[in-house]
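Asks: If you scroll down you'll find the structure; I have some questions about it.
The values are calculated or read from the model by the stated rules, or taken from the named source; none is laboratory data. Remember, it's a predicted structure, so these values are computed and weren't measured experimentally. Every residue, glycine among them, receives a Cβ derived from its backbone with ideal geometry; neighbour counts consider all protein chains shown. Just the protein is used for accessible areas: all its heavy atoms, side chains included, with ligands, DNA and RNA removed. Shrake-Rupley method; radii C 1.70, N 1.55, O 1.52, S 1.80 Å.
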Amino acid sequence: MNNGNNIIEIRNLKKSYDKGKINALNGLDLEIKKGEFVSIMGPSGSGKSTLLNMIGALDRGDEGSIEVAGVDLMHKSSLNEFRSTEIGFVFQMHNLIPNLTVLENVEIPMYETKLSSKEMHQRALELLKSVNLEDKIDQNPTKLSGGERQRVAIARALVNHPSIILADEPTGALDSKTGDIILSLLKELHQKERVTLVMVTHEPYVAQMAGRIINVLDGRIESSNLT
Amino acid sequence: MSFISLVVKNPFRNKTRSSLAIVGIAIGIMVIVALGMITGGLKTSTQSTLKAGSAEITVIQAGSSGSGGFGSGSINQSRVADVQKLSGVKDAAGTLRASYDLQGSNSSSSSGSPGGGLPSMGFSITGINSDKLSLAGVDSVNGTAFTNGSVNEIIVGKTAAQDLNKTVGDTVNLYGKDFKITGIFETGSFMTDSGAFMSLETLQNLTNNQNKVSSIAVKINDNANTTEVSKTIQDAYPNELNTTTAAAQESRINQGLSFIDTASWAISLLAIFIGGVGVINTMIMSVYERTREIGVLKAVGWKDRRILGMILGESIVLTLIAAVVGTVVAVVGVEVLLSVSTFGTVIQPSFSLDIFLRAFGVAFLVGIIGGLYPAYRASRLAPTEALRYE
């Protein structure tokens, strides 16, 4: 089914919650090309976060098909390895582990790899340098500003060289100035690392940063427009 | 940072809660170690007491208890020679035992095994012929033994010498007379080493028990049977003498020690239960608080098995720290307690590896039992629900 250029191919994907009372995805079709930067917009409850969870293999669909980075997510038995190697998540609330240092937070996704502690340390350090946080590596995340925390979260998302970065409202908890810095960083890393970037946002201005804007409504793609 | 470092670091996120959990388990471990050290010490002391002396049979007056109730010398001394003539008897020694209050200067004589007693409970003096000392367990004396019939010579046990702060050549006042310490002995039995021996005749005169002994220590021939010789003695003097064998005493004491052992294990089980509940509570609270974090770990690709291992490991870290704390407190506590109390002279705490292995085994088990459910719960969390958790 996979077109060689597409990293994400979704066909007629359905997902309901609460014993079918809530239809989050209602036969959704979507294709995203390798290396694309896509924004997903839509009102609350439209299904955009559910879609992001499906692409990130945090949840499974009820019907239809979803293939991400060549993996059939409807039928693959264990999705941990897939998440570890193919996906990097950036959450709205950063979700850093408070008792660990900045460096240790970035090392966390590498525990499932075969890297040694030294290699993990080296890799985390490189990424923290790329997000300009090399002077904060031993600090506790609670001591950082919102923008700095989100940069740590971005470094953590990239540490396992994923094919896709899934960002759920990455600027939602930041002021506009800091949000701009984070978006620029995401865009720069997307180009530099040649990673596919899928970003959920409410903000039309933020969505404009992407190459394509997809609007989701009632669990379906309402529109898909190049910016 | 390695995974193990992470597991060791995590329990200290909430220091107060973890410390309380550690204290709870440490108390249980402390009880296990302290009891183990004391009962182990008691066992060793009791066994050395039983082994002290080469006499296999102790003859006492019929009607008195085997362990020896207090009273005056009640066996006619002529019976010592009579018993020695019986079939199977290799040697026999008449002993008279008295208890002397060094502070109050009161005395009483008793029947029962030779030697023994606590200075604070009355200084135990045994009268025996010096050539028969080996039957009372005294094989060697630092200095010289007293002379038979001497009225002012005495040998004291090592523990008694330490307690009285006396050495060879010093004198000790008993029954209003000064006795010269001619030697100090050590048998390994806390009871015997806390007492003293003097000439039988002298003690008989001092306690008005002329020609009386309180017990007869009997050594049997190499090829004789203890039970048979014991029966021969009883049959020869059916209403007069009774016997007790070292084997029978050992069996009785072993029953007592086995009861202490069972009680110690019961306390260990109780510690496992109480400690386990404490750990479950701590770890469940920890998992609840970290639900979102567990969702993140799943999102970044952690396997369920790793999350299970992390929570279980944290639980074990808590209980092993508690084991270290409990063990240190128990060792220091027992040593301090014994050094300031009179029990220090009778109990030498045991430092057997078995006690510490049991303590750490219990702690490890509590860690596994207490952490298993919270760890399983954490590993089964659905990532999307965990990430939504507020």
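Asks: Once phi is turned into ³J(HN,Hα) by the Karplus curve 6.51 cos²θ - 1.76 cosθ + 1.60 with θ = phi - 60°, what whole-Hz value does each residue of the range A:210-226 show in order, with x for glycine and proline?
Replies: After applying 6.51 cos²θ - 1.76 cosθ + 1.60, I find 7, x, 8, 10, 10, 9, 10, 8, 6, x, 9, 7, 8, 7, 9, 10, 6 Hz.
Asks: If N is the number of residues in the protein assembly as shown, what value comes out of its Cα radius of gyration divided by 2.2 N^0.38 Å? List each step's numbers first, then the result.
Replies: On the way: Rg = 41.1 Å, N = 617, 2.2 N^0.38 = 25.3 Å.
Dividing the Cα radius of gyration by 2.2 N^0.38 Å gives 1.62.
Asks: Could you tell me which of the pairs A:Lys34/A:Lys114; A:Lys14/A:Lys48; A:Lys19/A:Lys76; A:Lys129/B:Lys298; B:Lys85/B:Lys132; B:Lys15/B:Lys303 are separated by over 18 angstrom between their Cα atoms in the structure shown? Each step should come with its number before you reach the end.
Replies: Details: A:Lys34/A:Lys114 26 Å; A:Lys14/A:Lys48 13 Å; A:Lys19/A:Lys76 23 Å; A:Lys129/B:Lys298 26 Å; B:Lys85/B:Lys132 16 Å; B:Lys15/B:Lys303 27 Å.
Checking Cα-Cα distances, A:Lys34/A:Lys114; A:Lys19/A:Lys76; A:Lys129/B:Lys298; B:Lys15/B:Lys303 exceed 18 Å.
Asks: In angstroms, what radius of gyration and Dmax does the range B:243-346 have, counting Cα atoms only?
Replies: 22.7, 79
Asks: Hey, how many Å between the Cα centroid of the range A:111-181 and the Cα centroid of the range B:186-234?
Replies: 85 Å
Asks: Next question, about the same structure. Helix-derived [θ] at 222 nm for the protein assembly as shown: sum -39500 (n - 2.57) over DSSP H runs of at least 4, divide by residue count, nearest 500? Don't jump to the answer; show the numbers that get you there.
Replies: On the way: 19 runs with 274 residues, N = 617.
Result for the protein assembly as shown, helices only: -14500 deg cm²/dmol.
Asks: For A:Leu166, B:Leu270, what's the largest-to-smallest order of accessible area, 1.4 Å probe? Write down the numbers at each step before the final one.
Replies: On the way: A:Leu166 0, B:Leu270 100 Å².
The residues order as B:Leu270, A:Leu166, largest area first.
Asks: Working with all protein chains in place, sort A:Lys177, B:Lys219 by solvent-accessible area computed with a 1.4 Å probe, largest first.
Replies: Working: A:Lys177 150, B:Lys219 50 Å².
Greatest to least solvent exposure: A:Lys177, B:Lys219.
Asks: Could you work out, residue by residue across B:289-299, how many beta carbons of other chains sit within 10 Å of that residue's beta carbon, and then give the average as an integer? The partial results should precede the final answer.
Replies: Numbers: counts 0, 3, 0, 4, 7, 0, 3, 11, 6, 4, 15.
Partner Cβ neighbours, averaged per residue: 5.
Asks: So what J values fall out for the range A:81-97 if you push phi through Karplus, 6.51 cos²θ - 1.76 cosθ + 1.60 with θ = phi - 60°, rounded to Hz, Gly and Pro as x?
Replies: Each residue's phi maps through the Karplus curve to give 5, 4, 5, 5, 9, 9, 10, x, 9, 10, 9, 4, 9, 6, 6, 8, 8 Hz.
Asks: Mind checking A:97-110 for the average number of partner chain beta-carbons within 10 Å of each residue's beta-carbon? Don't skip to the answer; put the middle values down first.
Replies: Values: counts 8, 3, 9, 6, 1, 0, 1, 4, 1, 0, 3, 8, 6, 2.
What the average comes to for A:97-110 is 4.
Asks: What relative contact order, as a whole-number percentage, does chain B give when Cα pairs under 8 Å and 6 or more residues apart are counted? Spell out each step's value before the answer.
Replies: Working: 769 pairs, mean separation 106.2, N = 390.
Answer for chain B is 27 percent.
Asks: Let me ask something else about it. For A:Ile22, list long-range residues whose amide hydrogen, built 1.01 Å from N in the peptide plane, is under 5 Å from its own amide hydrogen.
Replies: Here the answer is A:Tyr17, since their amide H atoms fall under 5 Å of that of A:Ile22.
Asks: Give, rounded to the nearest 20 debye, the magnitude of the charge dipole that the protein assembly as shown has about its Cα centre when Lys and Arg contribute +1 at Cβ and Asp and Glu contribute -1 at Cβ. Write out the running numbers ahead of the final one.
Replies: Numbers: 55 positive and 57 negative charges, 160 e Å.
My answer is approximately 760 debye.
Asks: Provide a whole-number value for the mean count of partner chain Cβ atoms within 10 Å of the Cβ atoms in peptide A:115-126.
Replies: On the way: counts 0, 1, 5, 0, 0, 2, 1, 0, 0, 1, 0, 0.
The per-residue average across the peptide is 1.
Asks: Under a Cβ-only charge scheme (Lys and Arg +1, Asp and Glu -1), can you give me the dipole magnitude of chain B about the Cα centre, in debye to the nearest 20? If you can, show how the numbers build up before the last one.
Replies: On the way: 29 positive and 27 negative charges, 370 e Å.
Dipole of chain B, to the nearest 20 debye: 1780 debye.
Asks: Can you give the % of DSSP beta bridges in chain A that are antiparallel, to the nearest 5?
Replies: Values: 22 of 39 bridges.
Of all bridge pairs located within chain A, approximately 55 percent are antiparallel.
Asks: Can you give me the solvent accessible area of A:Tyr17 with a 1.4 Å probe, rounded to the nearest 10 Å²?
Replies: 70 Å²
Asks: Also, quick follow-up: For B:Leu174, list long-range residues whose amide hydrogen, built 1.01 Å from N in the peptide plane, is under 5 Å from its own amide hydrogen.
Replies: Placed amide hydrogens put B:Phe179 under 5 Å from B:Leu174.
Asks: Could you tally the net charge around B:Val300, taking each other residue with its Cβ under 9 Å from the Cβ of B:Val300, Lys/Arg +1 and Asp/Glu -1? List each step's numbers first, then the result.
Replies: Numbers: positive: A:Arg83, A:Arg156, B:Lys298; negative: A:Glu112.
Spelling it out: positives minus negatives among the neighbours equals +2.
Asks: B:Glu228: accessible area at probe 1.4 Å, nearest 10 Å²?
Replies: Estimated to the nearest 10 Å², B:Glu228 gives 120 Å².
Asks: Using a 1.4 Å probe and ignoring any ligands, DNA or RNA, find the accessible area of A:Ser223 and quote it in Å² to the nearest 10.
Replies: Estimated to the nearest 10 Å², A:Ser223 gives 30 Å².
Asks: At a probe of 1.4 Å, how much accessible area disappears from chains B and A on forming the pair, both sides counted, to the nearest 100 Å²?
Replies: Working: alone 18590 and 11060 Å², together 27470 Å².
Using a 1.4 Å probe, the pair buries roughly 2200 Å².
Asks: Suppose every K and R has +1 on its Cβ and every D and E has -1 on its Cβ; what is the size of the dipole of chain A about the Cα centre, in Debye to the nearest 20? Before the final figure, lay out the partial values.
Replies: On the way: 26 positive and 30 negative charges, 11 e Å.
So the dipole magnitude of chain A works out to roughly 60 debye.
Asks: Expressed as a rounded percentage, what relative contact order does chain A have, with Cα pairs under 8 Å and six or more residues apart? Let's see the in-between values first.
Replies: On the way: 443 pairs, mean separation 65.9, N = 227.
So the answer I get is 29 percent.
Asks: For A:Lys14, what is the net charge nearby, where nearby means another residue's Cβ is under 13 Å from its Cβ and Lys, Arg count +1, Asp, Glu -1?
Replies: With Lys, Arg at +1 and Asp, Glu at -1, the net is -1.
Asks: Let me ask you something else. Please list, ordered by chain and number, the residues whose modelled amide H lies under 5 Å from the amide H of A:Val216; skip anything fewer than 5 residues away on the same chain.
Replies: So A:Val216 has HN proximity to A:Met41, A:Gly42, A:Glu222.
Asks: I'd like the antiparallel share, as a percent to the nearest 5, of DSSP beta bridges with both residues in the protein assembly as shown.
Replies: Numbers: 57 of 82 bridges.
Taking every DSSP beta bridge within the protein assembly as shown, about 70 percent pair in antiparallel fashion.
Asks: Each residue of the range B:184-193 in turn: what ³J(HN,Hα) in whole Hz from Karplus with 6.51, -1.76, 1.60 and θ = phi - 60°, glycine and Pro shown as x?
Replies: Each residue's phi maps through the Karplus curve to give 10, 10, 9, 10, x, 8, 5, 5, 5, 6 Hz.
Asks: Tell me the carbon and sulfur percent of the accessible area for the range A:1-50, rounded to whole percent, probe radius 1.4 Å.
Replies: The computed percentage sits at 44.
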